[in-house]
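Below is one structure, written out as structure tokens, with a few remarks after it.
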Amino acid sequence: MSSSAINVPELFSIKNKVALVTGGSRGIGLMIARGFVEAGAKVYISSRKKEVCDGVADELSAIGSCVSCPADLSTTEGREQLVRAISGREQSLNILVNNAGAAWGAPLAEYPESGWDKVMDTNVKSIFFLTRDLTPLLEKAARPDDPARVINVGSIDGLKVPLVENYAYAPSKAAVHHLTRVLAVKLGPRGITVNAIAPGPFESQMTKWLLENYQKKIEADCPLGRIGSPPDMAGVAIYLASRAGAYVNGVTIPVDGGICIT
């Protein structure tokens with residue numbers, strides 16, 4: 001066993017790595033993208049709305065390197081457009097964060113098939129096919145002691161029954177967690193690790209209604225007594241993307257202050 005000193009700043013560094021964060025213009029995705037940019041990575045962000053994506057990329061470019069690549073990842077055309085955009089600009093990709101997602105809430109008797117399909121297509125199908133199609137670029141970035149990384153964003157709703165009636169969302173996130181394990185086994189030999197983050201309550205457009213109606217209950221049920229903050233999310237993503245997380249593969253990390261174990 002080597003007794004050489006560990007360079008801690010280098011251990012957690014992602015400086016000069018190339019990352020793609022889908023859904024990177026708001027919420028969890030923006031927290032991760034901003035953290036990556038501030039840590040010195042070159043970050044591509046994607047979202048459906050071009051003007052929003054462009055505006056956020058301009059804002060983040062003031063503190064580092066960020067490029068807008070708008071695309072609707074719930075469609076085949078949108079995924080192919082994003083793959084072409086990244087492949088046209090980069091020879092390799094160190095980090096893929098699959099964060100783009102959708103939710104749909106409705107009572108059981110009224111839950112629409114269109115809502116179910118939208119959630120499943122965006123949250124599960126798009127992750128599989130985007131990861132598959134970007135695997136060649138990820139392989140090119142892989143090194144024996146520093147593999148390429150895929151980080152899927154799941155949810156604690158995929159680990160426990162949620163408070164609200166979001167019948168497609170919770171199963172879709174459970175599927176993300178298991179897809180993470182499947183891809184970790186298949187892509188590990190190709191120099192790519194695949195892990196998932198399962199966020200608890202963080203401020204975002206998706207959780208706006210939930211927090212407006214249930215924040216006091218959520219905080220009361222959380223062992224840490226609060227909702228998550230941007231550094232909480234950026235920190236775990238940087239860990240998984242850095243050399244510090246190089247031997248972590250196929251796990252889902254809840255980032256929820258302990259809510260899912262209460």
> Just one of Ala102, Ala141, Ala106 is touching a residue at least 24 places away in the same chain (Cβ under 8 Å), out of contact with any helix residue (DSSP H, G or I) (no Cβ under 7 Å at 6 or more places or on another chain) and hydrophobic (A, V, I, L, M, F, W, C); which is it?
Replying inline: Ala141
>> Every residue in segment 113-147 that is among the hydrophobic types (A, V, I, L, M, F, W, C) and either assigned to a strand (DSSP E or B) or under 21 Å from Asp72 (Cβ atoms) (or both), please.
In response: Trp116, Val119, Met120, Val124, Ile127, Phe128, Phe129, Leu130, Leu134, Leu137
> Only one residue in Ala71, Ala19, Ala39 is within 18 Å of the chain's Cα centre (by Cα) and within 23 Å of Met120 (Cα to Cα). Which one?
Replying inline: Ala71
> What is the number of the single condition among (1) in contact with a Gly (Cβ under 6 Å, 6 or more places away or on another chain); (2) more than 21 Å from Tyr169 (Cα to Cα) that Asn99 does not meet?
Replying inline: (2)
> So which of Pro171, Pro162 ends up being more than 19 Å from Ala241 (Cβ to Cβ), without any contact (Cβ under 8 Å) to a residue 60 or more places away in the chain and not in a helix (DSSP H, G or I)?
Replying inline: Pro162
>> Pairs please, first residue from segment 209-220 and under 12 Å from Val164 (Cβ atoms), second anywhere and modelled with pLDDT of 90 or more, Cβ atoms under 6 Å, 6+ apart in sequence or on different chains.
In response: Ile218/Pro201
> For segment 1-112, which strands (runs of 3 or more DSSP E) that fit wholly inside it have 2 or more residues that are farther than 25 Å from Val176 by Cα and out of contact with any Ser or Thr (no Cβ under 7 Å at 6 or more places or on another chain)?
Replying inline: 65-68
> When you scan segment 175-201, how many residues do you find that are assigned to a helix (DSSP H, G or I), farther than 22 Å from Met31 by Cα and of a type in the set (A, V, I, L, M)?
Replying inline: 7
>> Name the single residue that is surrounded by the most Cβ atoms within 10 Å (Cβ to Cβ) among those in segment 245-262 being farther than 19 Å from Arg190 by Cα and not β-branched (Val, Ile, Thr).
In response: Asp256
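For (1) touching a residue at least 40 places away in the same chain (Cβ under 8 Å); (2) in contact with a Leu (Cβ under 9 Å, 6 or more places away or on another chain); (3) under 27 Å from Pro254 (Cα atoms), each residue gets a yes or a no:
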position	(1), (2), (3)
Asn7	no, no, no
Lys15	no, no, yes
Leu20	yes, yes, yes
Ile32	yes, no, yes
Gly35	yes, no, yes
Gly40	no, no, yes
Ser46	yes, yes, yes
Lys50	no, no, no
Ala62	no, no, no
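The values are calculated or read from the model by the stated rules, or taken from the named source; none is laboratory data. Keep in mind it's a predicted model, so treat the numbers as computed, not measured. Glycine gets a Cβ as well: all are built from the backbone with ideal geometry, and neighbour counts include every protein chain shown.
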